[in-house]
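Trainee: Pasting a structure here, questions to come.
The values are calculated or read from the model by the stated rules, or taken from the named source; none is laboratory data. None of the values given here were measured: they were computed from a predicted structure. Every residue, glycine among them, receives a Cβ derived from its backbone with ideal geometry; neighbour counts consider all protein chains shown.
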Amino acid sequence: MQRLWKSTSARPSSACRHLLPTGGEKAAFITAPPFSPPPNPRKIAAMTIAPRTIRQLTDTVINQIAAGEVIERPASVVKELVENALDAGATRIEVATAGGGLSLIRVTDNGGGMPPEELPLAVSRHCTSKLTDDIHDIRSLGFRGEALPSIGSVARLSLRSRPEGADSAAEISVEGGRVSAVKPVAANRGTTVEVRDLFFATPARLKFMKSERAETAAITEVVKRMALAFPHVRFTLTGSDRNTLELPAVPADGEGLLRRIAQVMGRDFAENTLPIEAAREGVSLSGHASIPSFSRGNAMLQYFYVNGRPVRDKLLTGAIRGAYMDALPRDRHAVAALFITLDPALVDVNVHPAKADVRFRDPGLVRGLIVGAIRHALEISGMRASTSGADAMLAAFQRPEQRAAGHAAPQRYTPPPRPANGWSAATSPTRPLEMSTASGFSEPGQAAFDVGAALSADARAGEVEAAPELMRTPLGAARAQVHENYIVAQTEDSLVIVDQHAAHERLVYEALKEALHARPLPAQMLLLPEIVDMPEEDADRLSAHAAFLARFGLGLERFGPGAIAVRETPSMLGKVDVPQLVRDLADEIAENDTVDTLKERIDHIAATMACHGSVRSGRRLRAEEMNVLLRQMEATPGSGTCNHGRPTYIELKLTDIERLFGRR
């Protein structure tokens, strides 16, 4: 059943008359979904806009529209003002906030400053000193000239600046789009921009703000991202709504960048990072990426910079995921800070009003550079175990009260009080071992003590002295097998615990991958070719990659307009949904210009084969077998994690163990 309703409201506009059914303009019948209440005719009539004469918008409205594109939240204001300070050559930037940035944002720098006559231009739209006649040659963070007028149209803004060599400073104010006259003030060299009552002129925007804590955290994240790109600049973040954040300036070299990374991303990342250096066809890449065993549950700690500009780009995020494809599980993410440098003409930074996104002229080149550089770094890194694994293990050995108090080492032992009914040396829990004849640890009792029945470990590897040359290897010499799954090894200065199943799984997986990708994969011929209809552009993309797909056993060719004929599929995949596979490949080529979907499926088969073909948990290994496994791990890239992303070994330094027992 359908309901019909009749509109007797105002006369429709001429722009909508063609939508009416035959019968003229007096009655309009609209079919609504079954059992749904009819629309309100009065509301529809109120939404009808009568034709009006085209007119020029006022400057205030223009600035408020620009503010809606550029100023999304208080963090956007901080980003724009800090970018202006950096473009002015500042080496010290101080940011103060209150009320999550809605009440107050103050950015002070020691940059070049502006003379009084330029202050009115600074708060006018499309006035900038950072852009030349070539709009494609952008070498500064800001260039639109929209930030200050946009902020001033929705907030109370004051701009105070003093250039180098001037006797005094000047100030100009903007309140809801109304600009005041320039007046002299006292100030140090540089610029101070103060923004109060953000969005007071557009109160509807306040309804979309998050909590004060969330806005404060967003501002902190913006400052940290900018600080990573400019390690030689000192950043200070203060305010009544936060704890003070101090990021001292460091040298602008490799060592200084690592120190700034430790300031921003934590000491753990600096200890578990790999240096990344690569260049190809005019595009250079540098920075740091985490080892596979050091990962996070989200991608928030992935920082990307293009010519010094912090960006969030799905192409770069996808490149990181592809580089760690067989080293991390899908729900884990690597930690990285990567810097891409290229000719400004090869990247468009003007595709987003807030300049958060970029567009590369050759996205495939950039993605391939990132994936190749990270995989090369993982291959040459050798054996690396995450320091966080050892820290977690040490914390697990501490007593609950120590973990609650945050103690790094056990507290001094306090003996139990003496019992009230007297004390006897024979029954004391702290008596010497030689007095405990009943326990089997005295010399007479040791002969009857059954060691094999009491231990859960296979200690046959520890019956002989370890060879000195094995002790000097990264994973040392095998000394025991615990619970028939964990190999305990000893080096000159550490104790190593290896998960034998996870370690051997990685070794088998790498061997299978090398065998699979060293030559074209076997293909199975389809009895009848599978014809897949798709848009013409998708068919063109697939046919352009046909030769590469054939190496993986997928044979396809064009079959008329808007169709692909699939004649062969990889034998390893068995029965496969051909249309879905082909469409997935077309989507990936359109987005990333790669065909990793097919490679991922083949690698998944190899990972499954490796899991079932590796040494199982519960199998006892001889000392020779354990040592061979350790040596193979040392020679295999990426063996610090299995192909599911779990760590294969944990290393405890002797100094850490001594601190655990209070020896240090």
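Trainee: Taking Arg260 as meeting all but one of (1) over 17 Å from Ile374 (Cα atoms); (2) without any contact (Cβ under 8 Å) to a residue 60 or more places away in the chain; (3) assigned to a loop (DSSP other than H, G, I, E, B), write down the number of the exception.
Mentor: Every listed condition holds for Arg260 apart from (3).
Trainee: Return the residues of the range 193-220 that are surrounded by fewer than 16 Cβ atoms within 10 Å (Cβ to Cβ), in contact (Cβ under 8 Å) with a residue 12 or more places away in the chain and in a helix (DSSP H, G or I); say none if nothing qualifies.
Mentor: Leu206, Arg213, Ala214
Trainee: Which members of the range 221-247 meet the condition of being in a loop (DSSP other than H, G, I, E, B) and either β-branched (Val, Ile, Thr) or more than 10 Å from Val264 (Cβ to Cβ) (or both)?
Mentor: Hits for the range 221-247 are Phe230, His232, Val233, Ser240, Asp241, Arg242, Asn243, Thr244.
Trainee: Which of the residues belonging to the range 142-172 are part of a loop (DSSP other than H, G, I, E, B) and farther than 17 Å from Gly190 by Cβ?
Mentor: Phe143, Arg144, Gly145, Glu146, Ala155
Trainee: Suppose we filter the range 67-126 for residues that are in a helix (DSSP H, G or I) and more than 14 Å from Ser161 (Cα to Cα); how many remain? Working first, answer last.
Mentor: Going through the range 67-126, the residues in a helix (DSSP H, G or I) turn out to be 67-70, 74-87, 99-101, 116-122.
If we keep only those that are more than 14 Å from Ser161 (Cα to Cα) too, we end up with 67-70, 74-80, 82-83, 86-87, 99-101.
Selection size over the range 67-126: 18.
Trainee: Hey, can you tell me all the residues within the range 237-292 that are under 24 Å from Val366 (Cα atoms) and β-branched (Val, Ile, Thr)?
Mentor: Across the range 237-292, the qualifying residues are Ile261, Thr273, Ile276, Val283, Ile291.
Trainee: Looking at the range 619-643, I want the residues that are outside the structural domain of Ala503 (by TED's automatic domain parsing) and have a partner that is surrounded by 14 or more Cβ atoms within 10 Å (Cβ to Cβ) and assigned to a helix (DSSP H, G or I) with Cβ atoms under 7 Å, at least 6 apart or on another chain. Which pairs are those?
Mentor: From the range 619-643, no pairs qualify.
Trainee: If you don't mind, there's one more thing I want to ask. Out of the residues in the range 316-356 that are part of a loop (DSSP other than H, G, I, E, B) and in contact with an Asp or Glu (Cβ under 6 Å, 6 or more places away or on another chain), state the one that is farthest from Arg646 (Cα to Cα).
Mentor: Across the range 316-356, the extreme among qualifying residues is Pro353.
Trainee: Looking only at residues that are surrounded by fewer than 16 Cβ atoms within 10 Å (Cβ to Cβ) and farther than 11 Å from Ser150 by Cβ in the range 61-91, which one is modelled with the lowest pLDDT?
Mentor: Step by step, filter the range 61-91, then rank; the result is Val61.
Trainee: Pull up the range 484-531, narrow it to residues that are touching a Pro at 6+ places or on another chain (Cβ under 9 Å) and surrounded by 17 or more Cβ atoms within 10 Å (Cβ to Cβ), then point me to the one that is nearest to Glu379 (Cα to Cα).
Mentor: Per the stated criteria, the residue is Glu510.
Trainee: Could you please let me know if Pro275 is outside the structural domain of Asp343 (by TED's automatic domain parsing) and either surrounded by fewer than 16 Cβ atoms within 10 Å (Cβ to Cβ) or β-branched (Val, Ile, Thr) (or both)?
Mentor: Here the answer is no, as Pro275 does not meet what is asked.
Trainee: Report, by residue number, each residue of the range 322-358 that is surrounded by 19 or more Cβ atoms within 10 Å (Cβ to Cβ), of a type outside the set (A, V, I, L, M) and without any contact (Cβ under 8 Å) to a residue 60 or more places away in the chain.
Mentor: Of everything in the range 322-358, those that are surrounded by 19 or more Cβ atoms within 10 Å (Cβ to Cβ), of a type outside the set (A, V, I, L, M) and without any contact (Cβ under 8 Å) to a residue 60 or more places away in the chain turn out to be Tyr324, His333.
Trainee: Which of (1) out of contact with any helix residue (DSSP H, G or I) (no Cβ under 8 Å at 6 or more places or on another chain); (2) in contact (Cβ under 8 Å) with a residue 40 or more places away in the chain; (3) surrounded by fewer than 16 Cβ atoms within 10 Å (Cβ to Cβ); (4) not assigned by TED's automatic domain parsing to the domain that holds Gly372 is the odd one out, the single condition Ser284 does not satisfy?
Mentor: It is condition (4) that Ser284 fails.
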